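So the structure is just underneath, and the comments pick up after that.
The values are calculated or read from the model by the stated rules, or taken from the named source; none is laboratory data. Predicted, not measured: the structure shown is a model, and the values here were computed from it. Neighbour counts are summed over all protein chains in view; Cβ atoms, including those assigned to glycine, are modelled from backbone coordinates with ideal geometry. Remember, those area values only see protein heavy atoms, side chains included, never the ligands or the DNA or RNA. Shrake-Rupley method; radii C 1.70, N 1.55, O 1.52, S 1.80 Å.
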Amino acid sequence: MALGPIFGVLFDGFAYGMLLFLLSVGLSVTLGMMNFINLAHCAFAMLGGYVTVTLTNRFGWPFLATLPLAFCIAALVSVVFERLLYRRLYRAGELDQVLLTIGLAFMSVAVAAYVFGTVQQPVETPSFLRGSFSLLGVSVGAYRLFLIAMGLAIMLLLTLMVEYTRFGAQLRAAVDNQRMARGLGINVEGAFIIAFALGSGLAGLGGALAIEIVGLDHSFALAYLIYVLIVVSVGGLGSIGGSFVAASFLGISDMLGKYYLPELGAFLIYLVMIAILIWRPAGLLGRR
Amino acid sequence: MSAPAAAPAQPPALSTRGLSKSFGSLVVANNISMHVPQGARDALIGPNGAGKTTLINLITGMLRPDAGHILLGNDDITALKPHQRVKRGLARTFQINTLFPHLNALEAVTLAVCEERGIAGNFWNSLSACTAAVDEAYAVLGSLGLAADCTRPTRELAYGQQRLLEIALALATKPAILLLDEPAAGVPREESAAVFAALAGLSRNITVLFIEHDMNLVFRFASRIIVMVAGTILAEGTPQEIGADARVREVYLGGARHG
Amino acid sequence: MAFTRTAAADPHRHLHAQAQWQPIELVFWAATLIPFFLFPKYLALASQIAIAALFALSLDLILGYAGIVSLGHAALFGVGAYTAGLLSTLGWGDPLLGLAAGAVAAGLLGYVTSFIIARFRHLALIMITLGLGQLIHEVANKASWLTGGSDGLQGVRIGPLLGRFPFDLYGYTAYAYSLVVLFVVFVFARRLVNSPFGLALRGIRENPVRMPAIGAPSPAHVRKIYTIAAAIAGMAGALLAQTTSTVSLGVLDFQRSADVLVMLILGGAGWLYGGIVGAIIFMVARDQFSGINPQLWYFWIGLLLVCVVMFLPNGVLGCLQLAAPWRSKAS
């Protein structure tokens, strides 16, 4: 019976980790490609969340039908910002990138508060995703199982895409050695826009899926930024597998900490991150 | 081995023993053992990608070797950090200008002099009060013909002047051994002679190892030549010996085909 | 820049002229006395501005001069504030003692963490500073037996300055005290940036790759300036605790780290005056707009950041210098 709670905690932690994976994998890839520090990444996630909230609550769409739209709108809006602002700073120092993108994050928080107020947004999930059922004698939340399935499916899709498609090969070359990729005639800029849109879209999807677990309010863009940055820096820049491992690890250890060592709080997470960075400055699976 | 045993008491200024380095499966330095005698003017030549700059990075500590040793005289410096090697008298310049864009030449060279004198940690005295250091920096700049423009920011200097500033920064550390990575890279041919003329005027107490592609300059200035190919030393000897070496000729004719 | 030709003849005169006090600087410092006479109602705000300026000055030393980007500078500010506050709850309410203790405590934390800071650059450095800042915040939050947790520190009692001047409601003492501390630290920082060490810091900012190649122990330089800047941030925190008689978790917030960065960037990094000018603009604007929705305030801050990065890369002072070259400082 001692297995019961620990399995449940591990399960919840892994589900939370999948959420963090969706939120952060895009940032990891774009950072690996362009070395661009995008602190407004979670603003695109928040946008996805608000798209879902608006469509379900105001227009009566079913929850699942809103998810593709959360993905697409976040991706589209991110490309607009990329073309208008980001691309001017690819060769600038990290300070300018930090300032620009944190400015955008601030603005997104203010706009969200202005449009939607500062209250938590409710969302209605379909009935089959509510409640829980028993798996191997342990009570398992249906929504969390859904999250894990989504996370694994997207991990699988991304891996297949990166390993087996032409775009994936270009992406790997650009992350590996940008100058050489350009020399080989790869349109790094073009590949980057697609990767950026894809990453922001996944963040938007993550934002929509996150509502049920962590809620959604105007501060989302800043509140989850630090978790996403931890995943990216611990996992290693440009590494999809690294993000997956780091996100699972972070989700599980956060849940374990909350369950068994509540007095430590988030303390443990920050400590682990700093220790890992000191041990491996390029992250667990990073090569640089 | 080939060096005459006339002065056994004097070890080479710089030598390496079995230096190796690889990035993944790419071997950039393969068991390199070479030496540069005291007061020499040695040229390091070889086709592009032979590992010449890598060798300088290994010697100066900017890269850590996988195996092997680096010696200054009889002292093993393999474990020292780059700035500690500079303190031992090992200075370098960079093939691609690696300067301080917003400092002017006077400030940059004064900084190097202050580091050499161990006063760069002083945060209480004004820079202008360190008159001896400023005078020394100004003298180094003067010796390379940079005095007139020394208060202009580095990024506003002409390219040729920036190449000279590269050398000035290295000289300000009072080196015993100077490693020059293509000192005249990108400089028009008529001006590159001026860069080498400045080097020819250096004290014989300074040992020089330079990378250069222009064979006319190499044969004019080098007392010895070291030829590198694919991460290994192919040949080492006087210009006459190297000029007569069949393997070197083959590599250079073969390399020429690739442009 | 206009006198390049003549200065080139004499390097000493050139360097001396760079470090010389300019008339406009004296005017600036004289102007800091104006609130005493013209705006006595705003002395409390003026003292807050002086404290923010001191905090921004501390960030300028590491960011503007040595190029170390920190997103966790509030950790050092907060440690100074809690140290001064805690000392006063234990009965040691003397302001200067608290100020010194705040500087020492933050300096110690800075010294210890500087060994980590000096090893990193770029994204890893940003993450490390952010992580350390959050870590300290979390420690203070959890150690509520010591810090009062989210309720803030209870029973902060600050004695009169020099045993004679109590902190009054109007802020006379508070502003005079903060301003004097700011000025003294500024003079120190000014000496520092014009010293050989200051030159070495600019070298690290300009080209960290070249520094070891000229024999410079960059990590040792970084450790030194980070410790100094930490002590100054701690003094700013102690001043805030003493002049407001309160210490809450807010002193350690990420928001505070972001705000001080905004002030410095707004004014212009690498000038010493940039942080002060930025603090004045930022704090006065926040005071004027305090009536509006605080969410909207951050919209304007965000817009400001975007505009500064896009159009004013050297801040307000950099812009002024283009219009009228009054100093040839960081050129």
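Out of the range B:57-72, which residues are among the small types (Gly, Ala, Ser) and either assigned to a helix (DSSP H, G or I) or under 20 Å from B:Ala40 (Cα atoms) (or both)? Walk me through how you get there before you give the answer.
Taking the range B:57-72 as the starting set, the residues that turn out to be among the small types (Gly, Ala, Ser) are B:61, B:67-68.
Passing the criteria: none in range.
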Which one of these is of a type in the set (Lys, Arg), open to solvent by 10 Å² or more (accessible area, probe 1.4 Å), touching a Phe, Trp or Tyr at 6+ places or on another chain (Cβ under 7 Å) and within 7 Å of another protein chain (Cβ to nearest Cβ): C:Arg223, C:Arg202, C:Arg256?
-> C:Arg202
Among the residues of the range C:293-305, is there at least one that is within 14 Å of chain A (Cβ to nearest Cβ), β-branched (Val, Ile, Thr) and in contact with a helix residue (DSSP H, G or I) (Cβ under 9 Å, 6 or more places away or on another chain)?
-> yes
Please find, among A:Phe36, A:Phe81, the residue that is under 28 Å from A:Gly242 (Cα atoms), at pLDDT below 90, surrounded by fewer than 24 Cβ atoms within 10 Å (Cβ to Cβ) and of a type in the set (Phe, Trp, Tyr).
-> A:Phe36
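I'd like to know if the range A:121-131 contains one or more residues that are touching a helix residue (DSSP H, G or I) at 6+ places or on another chain (Cβ under 9 Å), among the β-branched types (Val, Ile, Thr), away from chain C (no Cβ under 14 Å) and under 26 Å from A:Ala197 (Cβ atoms). Don't jump to the end; show me each part of the working.
Residues of the range A:121-131 that are touching a helix residue (DSSP H, G or I) at 6+ places or on another chain (Cβ under 9 Å), as a first pass: A:121-126, A:128-131.
Now drop any that are not among the β-branched types (Val, Ile, Thr), which leaves A:123, A:125.
Okay, now just the ones that are also away from chain C (no Cβ under 14 Å), so A:123, A:125.
After this cut, where a residue has to be under 26 Å from A:Ala197 (Cβ atoms) as well, the list is A:123.
Yes, that holds for at least one residue.
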Output the residues belonging to the range B:94-129 that are small (Gly, Ala, Ser), more than 7 Å from chain C (Cβ to nearest Cβ) and in contact with a Cys (Cβ under 8 Å, 6 or more places away or on another chain).
-> B:Ala105
Go through (1) under 20 Å from the mean Cα position of the chain (by Cα); (2) within 11 Å of another protein chain (Cβ to nearest Cβ); (3) open to solvent by 20 Å² or more (accessible area, probe 1.4 Å); (4) farther than 30 Å from B:Ala168 by Cβ one by one and return the number of the condition C:Val184 breaks.
-> (2)
What strands (runs of 3 or more DSSP E) completely inside the range B:185-259 contain at least 2 residues that are out of contact with any Ser or Thr (no Cβ under 8 Å at 6 or more places or on another chain) and either free of Cβ contacts under 8 Å to residues at least 24 places away in the same chain or not hydrophobic (A, V, I, L, M, F, W, C) (or both)?
-> B:232-237
Scan (1) within 19 Å of the chain's Cα centre (by Cα); (2) of a type in the set (S, T, N, Q); (3) within 18 Å of B:Met228 (Cβ to Cβ) for the single condition B:Gln38 breaks and write down its number.
-> (3)
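Select, from A:Ile278, A:Ile274, the only residue that is within 10 Å of another protein chain (Cβ to nearest Cβ), surrounded by 18 or more Cβ atoms within 10 Å (Cβ to Cβ), part of a helix (DSSP H, G or I) and free of Cβ contacts under 8 Å to residues at least 24 places away in the same chain.
Numbers: A:Ile278 fails: surrounded by 18 or more Cβ atoms within 10 Å (Cβ to Cβ).
The conditions single out A:Ile274.
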Under the condition of being free of Cβ contacts under 8 Å to residues at least 24 places away in the same chain and not in a helix (DSSP H, G or I), which residue from the range C:114-147 is farthest from A:Gly236 (Cα to Cα)?
-> C:Ala143
State whether the residues of the range B:49-68 include one that is within 14 Å of another protein chain (Cβ to nearest Cβ), modelled with pLDDT under 90 and more than 22 Å from C:Ile204 (Cα to Cα).
-> yes
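What about C:Thr89, is it farther than 30 Å from A:Arg280 by Cβ and of a type outside the set (Asp, Glu)? Spell out how you get there, then give the answer.
Numbers: farther than 30 Å from A:Arg280 by Cβ: yes; of a type outside the set (Asp, Glu): yes.
Yes.
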What are the residues in the range A:140-192 that are loosely packed, with under 12 Cβ neighbours inside 10 Å and closer than 30 Å to A:Gly8 by Cα, if any?
-> A:Ala153, A:Leu156, A:Leu157
Is there a residue in the range C:158-170 that is facing another protein chain (nearest Cβ under 7 Å) and surrounded by fewer than 22 Cβ atoms within 10 Å (Cβ to Cβ)?
-> no
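What number of residues within the range B:77-89 satisfy the criterion of being open to solvent by less than 80 Å² (accessible area, probe 1.4 Å) and either on the phi > 0 side of the Ramachandran plot or in contact with a strand residue (DSSP E or B) (Cβ under 7 Å, 6 or more places away or on another chain) (or both)? Reasoning before the result, please.
First pass over the range B:77-89, keeping only residues open to solvent by less than 80 Å² (accessible area, probe 1.4 Å): B:77-78, B:80, B:82-86, B:89.
Cutting the leftovers down to either on the phi > 0 side of the Ramachandran plot or in contact with a strand residue (DSSP E or B) (Cβ under 7 Å, 6 or more places away or on another chain) (or both) gives us B:77-78, B:89.
Selection size over the range B:77-89: 3.
Would it be correct to say that C:Ala84 is more than 14 Å from chain B (Cβ to nearest Cβ) and without any contact (Cβ under 8 Å) to a residue 60 or more places away in the chain? Spell out how you get there, then give the answer.
Working: more than 14 Å from chain B (Cβ to nearest Cβ): yes; without any contact (Cβ under 8 Å) to a residue 60 or more places away in the chain: no.
Taking the combined requirement at face value, the residue does not satisfy it.
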Mind checking whether some residue in the range C:279-296 is on the phi < 0 side of the Ramachandran plot, of a type outside the set (A, V, I, L, M, F, W, C) and buried (at least 23 other Cβ atoms within 10 Å of the Cβ)?
-> no
